[in-house]
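Below: the structure, in structure tokens.
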Amino acid sequence: MSEDENLKNLHKALLNFNKRAERASSEILVSNFVDSEPLFDLLSTPNNQVIYGRRGTGKTHALKYLAESVERSGDHAVYLDLRSVGSNSSIYNDGTRSLTDRAATLIVDVLNAVYDELYNIAVRAIDNAPDPHQLTLRLDDLSSAISTIRITGPIEHEVQTEETASQDTGISAKASIGSTPSAEANVSLKTTSTDHGSVRVKRSGAETIRLDFANITAAIRGLVEVLAAPRIWLLIDEWSEIPIDLQPYLADLIRRTILPINSLTVKIASIEHRSEFILLQERGQYVGLELGADVSADLNLDDFLVFDNNQ
């Protein structure tokens, strides 16, 4: 084969490469991952972490390689691609809906996605579980915690009564004229009355999601304990695809329900200039995640995989 043909075949092979990691299988991604030390050492720490990097620097590739690595070591990995969470992502951008409604819908969709992944892990682990019944109970607890509905609106009380009455009256008289006069009179009166009553309470209004973060945390912690894995890794990809005004509320869910569980590690892959993890409020209060305090943000793939990034 000539040199020109070899070069042509090489060009064809290069052109056929998948440009995006999500289009390749996990097996291919694991086999062709090349570590730029100390990239994987920083990535594989059990610390909760935000991973920055511009598009194409390998965030998805790194997370999927991490997922395969922790599975081989005996841990469990939950990989979430936020682009595919929810039945209709356009709801999150619907300006006709309130911010509260959109944020609640997003949070419930993410919780359901986490539940689905944990359910799959439980199914795989149920044969070797010390108490399989506990697995089903913990799954039910988590399902109940993320599906509580409350109706908000006016309450109507309706009272229904039914009354029936009947009355029977009879009068008879008898008289005779003769040697033995006699007189007889009979009067009868019968009244029957029946009352029936019922009370019906009707609630009218809109159904809203009611989330109790304490119950959700307790349900997740209970499920993690019965799974008996040393650690569960929650790997969240494509964070920047979430509308930026909703990101702090999703981050707050993670802070309140996931971070308190010591055996659960969170890794979030995001684009720095398209991310908003915190919403500051008065007197130092905030909604979301405080970078550096709640989670570290010390890993930027641009530092490893972009040439001449720092002159």
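Only the coordinates and a few stated rules stand behind these numbers; no lab work does. What you are looking at is a predicted structure, and each value in this text was computed from that prediction instead of being measured. FYI the Cβ positions are ideal-geometry reconstructions off the backbone, even for glycines, and counts take in every protein chain you see.
Excluding ALA297 itself, calculate the net charge of residues whose Cβ lies under 11 Å from the Cβ of ALA297, where each Lys or Arg counts +1 and each Asp or Glu counts -1.
Around ALA297, the surrounding residues sum to -4.
Provide the gained length on full extension for the span ALA125 to ILE271, in nm with one decimal, where the gain is 0.36 nm per separating residue minus the Cα-Cα distance. Walk me through the numbers before you get to the answer.
On the way: separation 146, 0.36 × 146 = 52.56 nm, distance 3.47 nm.
Additional length available on full extension: 49.1 nm.
Want the number for LEU42 to ARG72: 0.36 nm per residue separation, take away the alpha-carbon distance, what's left?
Roughly 9.0 nm would be gained on extension.
Could you pull out every residue, at least 5 positions away or on a different chain, whose amide H is within less than 5 Å of the one on GLU290? Hs are placed 1.01 Å off N in the peptide plane, and Pro or chain starts have none.
Close amide H contacts, sequence-distant or interchain: VAL295.
For each of ILE268, ILE216, count neighbouring Cβ atoms within 10 Å of the residue's Cβ, then give the residues from fewest to most.
Working: ILE268 27, ILE216 22.
Listed from fewest to most nearby Cβ atoms, that is ILE216, ILE268.
So for the pair SER144, SER98, with labels modelled 7 Å out along Cα→Cβ, what separation do we get in nm?
With each label placed 7 Å out from Cα toward Cβ, I get 2.8 nm.
Where does each of THR217, THR136, THR96 land when they are ranked from fewest to most other beta-carbon atoms within 10 angstrom?
THR96, THR136, THR217
At what distance in nm do the modelled label points of LEU137 and ASP245 sit from each other, each positioned 7 Å from its Cα along Cα→Cβ?
The two pseudo-label positions are separated by 4.5 nm.
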